[in-house]
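Here is the structure we will look at.
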Amino acid sequence: MSTPPVTQPALHPVARLPDEWASALAAQGEKAFRAKQVFRWIHERGVFDTEQMTDLSKVLRQKLTDEGLSEPGSVELVHESSDGTRKVLLDMAHGAKIECVLIPMTPGSLDADVEAEADGDEQDELEDVPRKRVTLCISTQFGCAMGCVFCASGQAGLFRGLGAAEVVYQVLVARRYLRRDEDIKNLVFMGMGEPLHHYDETARALRLLTHPDARGMSPRRITVSTVGLVPGIRRLGEDFAGKIGLAVSLHAPDDETRNRIMPMNKKYPIAQLMRALTEYPLPPRRRITIEYTLIAGVNDSLEQADRLADLLRPLRVKVNLIPMNGIVASELHGPRAEQVVAFRERLLHQGYSCFVRTRRGDDVSAACGQLAMQAANPVRLGRKSTTTA
Ligand code: SAH
């Protein structure tokens with residue numbers, strides 16, 4: 001693998017917002033309305049081949065090709081599991097392998113609770129034929145710099161961050177693998193990487209995805225998941241007025257335990273993180289998602305459940321418990337099923353809404369990020385073939 005830049009050097013045409021297209025095209029003597037046309041071809045219809053942009057002049061189509069408008073990557077393989085989960089493995093520049101995962105929503109699936117909250121959405125009421133809801137999980141980096149000890153990407157380290165074009169590309173490509181009666185209802189930034197580590201690229205991707213001339217995905221249907229990078233949480237809150245859903249990987253109720261499993265906690269300890277969460281400008285009726293990966297003997301005791309309940313009291317949250325999937329790089333493993341149930345009950349009794357994130361697409365490689373990591377280095381980074389979770 002060649003040594004890649006940490007971020008994309010130049011703005012890929014797919015990462016341009018409509019006003020940026022307008023100035024780029026104006027500089028070439030094109031009319032302003034062309035900007036919207038080009039933007040819609042890419043972001044509404046998922047078309048990158050300028051030959052297909054039939055309402056543009058031949059000259060303009062050639063210019064677009066010449067300046068590098070093309071697919072930011074290519075599909076290497078698509079795996080479908082028996083539960084309908086589809087993993088799309090993408091080959092990107094500089095040897096980066098990333099994946100996005102389409103997950104049909106069932107009760108208990110990834111962020112099924114988002115679905116419940118979004119019910120009664122105006123958009124849905126206008127639909128003639130109700131569509132089956134699918135959650136799409138996307139990646140923001142190839143590898144990850146956060147170093148969480150239970151995570152395959154964290155143990156691999158960061159190879160490179162993805163540009164906004166590459167982040168959005170995952171959504172545009174994944175749509176090709178939807179069935180006719182399905183629709184992407186929720187988009188979660190929970191694949192490989194830390195979305196707030198390359199904040200600018202993530203923010204640009206969010207602007208592109210929510211732009212009305214793209215498909216104008218509602219920000220409340222998008223959830224960004226973070227290890228708890230405090231400055232990034234604050235910027236996300238300010239730049240998007242709290243409308244983007246926020247998920248925080250907490251995984252421990254005290255600094256001592258959290259330091260052991262999440263090195264970033266030393267930089268942004270729990271008290272600082274809690275302050276940033278309290279100040280996140282959450283719209284009425286929305287909640288922050290607290291992710292809690294349960295690791296046997298590390299963070300799964302009922303005392304820890306009680307401490308977690310106390311810690312979260314000042315916040316409006318829902319808790320997602322994720323039994324740890326075993327990884328090759330670590331001896332840690334998930335708790336027995338009874339412990340997961342007991343931990344959940346403890347939180348429920350204290351008034352929290354709490355879901356156990358069921359494992360989906362198991363037969364095609366479990367958690368988000370693991371398929372891509374295996375493709376990059378099958379020996380060191382893959383998941384264990386048997387897990388206790
Ligand atoms: N960096 C972001 C998003 C990527 S990870 C974050 O940390 O939130 C998405 C979720 O999967 C996180 O909650 C992460 O802690 C969890 N995760 C990572 N490896 C896991 C494993 N082996 N088993 C269970 N959950 C895992």
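Got a sec? Which of Thr278, Thr289 is within 13 Å of the ligand (Cβ to nearest atom) and of a type in the set (Ser, Thr, Tyr)? Selected residue: Thr289, the only one of Thr278, Thr289 that is within 13 Å of the ligand (Cβ to nearest atom) and of a type in the set (Ser, Thr, Tyr).
Of the residues Glu99, Glu71, the single one that is within 27 Å of Leu206 (Cβ to Cβ), under 25 Å from the mean Cα position of the chain (by Cα), at pLDDT below 95 and charged (D, E, K, R) is Glu99.
Checked against (1) without any contact (Cβ under 8 Å) to a residue 24 or more places away in the chain; (2) part of a helix (DSSP H, G or I); (3) of a type outside the set (Val, Ile, Thr), Ala165 meets all criteria but (1). Tallying residues that are touching a residue at least 12 places away in the same chain (Cβ under 8 Å), under 13 Å from Ala35 (Cα atoms) and not in a loop (DSSP other than H, G, I, E, B) within the stretch 53-72 yields 2.
Of the residues making up the stretch 130-153, just one is modelled with pLDDT under 95 and out of contact with any strand residue (DSSP E or B) (no Cβ under 8 Å at 6 or more places or on another chain), namely Pro130.
Checking the conditions here, which among Val248, Val224 is in contact with a Gly (Cβ under 6 Å, 6 or more places away or on another chain) and touching a residue at least 12 places away in the same chain (Cβ under 8 Å)? None of the other options fit; the residue is Val248. Among the residues of the stretch 12-47, those that are at negative phi and in contact (Cβ under 8 Å) with a residue 60 or more places away in the chain comprise His12, Pro13, Val14, Ala15, Leu17, Pro18, Lys36, Phe39, Arg40, Ile42, His43, Glu44.
The set of residues in the stretch 225-258 being over 14 Å from the mean Cα position of the chain (by Cα) and closer than 20 Å to Arg307 by Cβ consists of Gly228, Leu250, His251, Ala252, Pro253, Asp254, Asp255, Glu256, Thr257, Arg258. Going through the stretch 161-203 one residue at a time, which ones are charged (D, E, K, R), surrounded by fewer than 23 Cβ atoms within 10 Å (Cβ to Cβ), within 15 Å of Glu99 (Cα to Cα) and within 16 Å of the chain's Cα centre (by Cα)? The answer is Arg175, and nothing else. If you check Asn265, Asn299 for being touching a residue at least 24 places away in the same chain (Cβ under 8 Å), buried (at least 18 other Cβ atoms within 10 Å of the Cβ) and touching a Gly at 6+ places or on another chain (Cβ under 9 Å), only one passes: Asn265.
The values are calculated or read from the model by the stated rules, or taken from the named source; none is laboratory data. Not measured: the values here are computed from a predicted model. All Cβ positions, glycine included, derive from the backbone under ideal geometry; neighbour counts span all protein chains shown.
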